[in-house]
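Input: a single structure, listed below in structure tokens.
Throughout, read-outs are computed from the coordinates displayed, never taken from laboratory work. As the structure is a prediction and not an experimental result, all values here were calculated from the model. As a convention, Cβ positions derive from the backbone with ideal geometry for all residues, glycine included, and neighbour counts pool all protein chains shown.
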Amino acid sequence: MAGMNNRNFEQFGLEAVPSSLQQSTWKEYAIIAFAFSVNAGNFLVPSLAVTQGHLPWLPAFTAVWLGAILAFLCVSALSIPGALYGLPGQYILRAFVGSWLATKIASPIRVLTSLYWFSVQTIGGTYILQSVVSNFLNIHIPFTLLAVFTASLMAYLALVGYDAVKKVTRLFLPILIIGQSLMLFVIFTEVSVSSENSFPNTTFDWGIFFFYMSLAFVQFVSGVSASSDMTRYAKSARQGFSGMFLGNSAGYLMTALIGTLVAAFFQSTNPFVVLSEATTNTFIGLFITLSGLLAMISINIGNAYTGGFSLLNTWPSLGRLRSALLFGIVGVILSCFPSLSTEAAYIISILGAGIVPLSAIIVVDYLWNKKMSISEELMMNVVLGSYKINLAAILTFTFMSIAYLIIPKEFSPGMLIFIGSSIVYFSLHKYIVTK
């Protein structure tokens, strides 16, 4: 296949994918997006809406799913340029925020974010795998050895590229669906045999509802900077948009449903662990655990794949393979430090100071300023490197990132800063001539 060497590694980096290879359908993108959705990390916000927000499970489910749907609309819309131009998201980002902000700020932040989530997901999955091996095979394998193995496997698949992502997610999909069905079966079986025979009584509050709706929105809207990484192989913009939106929406529907039900009945934020232990059927418990491990592998291949492109956008001389390899090596090393997972709140907060304003700028610039159309002149300027500075974007990013760090966390700075950044950038863009 063109663009591949004899080991079938994807070669296309910042250059456009030839139209002859843009053959992926909406079904393939729906499978990829669905496989990325149901994982331990994504269960957190739905679970917290119940355990900390004290919402009834149905309003909690509705809040986070609606927030996610709004984010998925933005993410899917930003996948359109990838299908139209065959370019990765981080490169197209130069057309929205300027080459300087894209390469010096946005891509490095995306690299750090992808590295962090790659390591945290690997650490969580390694603990599960270590427990399974110990309980069922009565063998103790050191954490570091298992972490290196699992992280290296996922990094290698990301190095192979889009073709590996597509094949692995298609292979995992039946197991993931069966695993999720078994999780729902265990939940309703346990509820039916419970002496209470009902979920704990909780109260509804509109303020809490919108708080968790905004958390879900902010969690997923950051994907606008990388959604084109996948859809550059799409048959058409419609195929890419439809597949990404349907897959993400259906996947998070299952995530939100399972997460809120488990939180309401079991008061836990980790459905994979709780449900595998709650069932008396060893096979069901093992299958649920297996689906959790495969979900971790799926999302982490995506983290490594998009993270490699972000690194490439900052350091183009590396080339696609070397940037993916370097990302993988660093990801494997970080996965050997379990303490990273305990610092999640602090690290996510720091990264959010950059991610949230950038996401708002990207969404406003593409959907409103450019009316979802990038002119040939602008794309030519991006390719030639003449569109270097977007002063409105730089000023908005600077001021709103500082504001994010100043606003107390209890005021949900993510949504406030996203809205504020959107208004500030839209206003500045009307009066400042970009260079």
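Write down the Kirkwood hydrodynamic radius of segment 74-136, to one decimal in angstroms, obtained as one divided by the mean of 1/r over all alpha carbon pairs.
When all Cα pairs of segment 74-136 are included, the Kirkwood radius is 14.2 Å.
Classify segment 96-185: rounded, prolate or oblate, from the alpha-carbon gyration tensor (a ≥ b ≥ c, eigenvalue square roots; a/c under 1.5 rounded; otherwise prolate if a/b is larger than b/c)? Walk me through the intermediate numbers first.
Working: a/c = 2.38, a/b = 1.64, b/c = 1.45.
Prolate, because a/c is 1.5 or more and a/b exceeds b/c.
From zero up to wherever the largest Cα-Cα distance of segment 277-324 sits, split into 10 Å bins and tell me the percent of pairs in each.
For segment 277-324, the pair-distance distribution reads 26, 27, 19, 16, 11, 1.
For segment 21-431, take every pair of Cα atoms, bin their distances at 10 Å starting from 0, and report each bin as a whole percent.
P(r) over segment 21-431, rounded to whole percents: 5, 22, 33, 26, 11, 3, 0.
In which sequence would VAL64, VAL132 go, from the one with the fewest C-beta neighbours within 10 Å to the one with the most?
Least to most surrounded, the residues fall as VAL132, VAL64.
Could you work out how far the C-alpha centroid of segment 225-296 sits from that of segment 307-355, in angstrom?
Taking the Cα centre of segment 307-355 as reference, the centre of segment 225-296 is 23 Å away.
Quick check: the angle from helix 319-334's long axis to the longest principal axis of the chain, C-alpha only, nearest 10 degrees?
40
In degrees between 0 and 90, to the nearest 10, how far off the longest principal axis of the chain does helix 344-364 point, with axes built from Cα atoms?
With rounding to tens, the tilt is 50 degrees.
What is the Å³ per residue value for the convex hull set by the Cα atoms of segment 214-338?
161
Would you tally the net charge around TYR162, using a Cβ to Cβ cut-off of less than 13 Å, leaving TYR162 out, and scoring K and R as +1, D and E as -1?
+1
Please give the net charge around LEU312, taking every other residue with its beta carbon less than 15 angstrom from that of LEU312, where Lys and Arg add +1 and Asp and Glu add -1.
Within the 15 Å Cβ shell, the charges total +3.
To the nearest 10 degrees, how steep is helix 26-37 against the longest Cα principal axis of the chain, on a 0 to 90 scale?
60
If I histogram all Cα-Cα distances within segment 310-411 using bins 5 Å wide from 0, what percent of pairs lands in each bin?
Calculated over all Cα pairs of segment 310-411, the distribution is 2, 9, 12, 15, 17, 17, 15, 8, 4, 0 percent.
Computed over the Cα atoms of segment 36-83, what is the convex hull's projected area averaged over all directions, in nm²?
With the hull built on Cα positions only, its mean projection is 3.8 nm².
Could you tell me what fraction of 2.2 N^0.38 Å the Cα radius of gyration of segment 386-435 comes to, as a two-decimal ratio?
So the Cα radius of gyration is 1.26 times the expected 2.2 N^0.38 Å.
On a 26 Å Cα-Cα criterion, which of the cross-link pairs LYS371/LYS430; LYS167/LYS235; LYS235/LYS430 come out too long? If you can, show how the numbers build up before the last one.
On the way: LYS371/LYS430 14 Å; LYS167/LYS235 17 Å; LYS235/LYS430 35 Å.
The answer is LYS235/LYS430.
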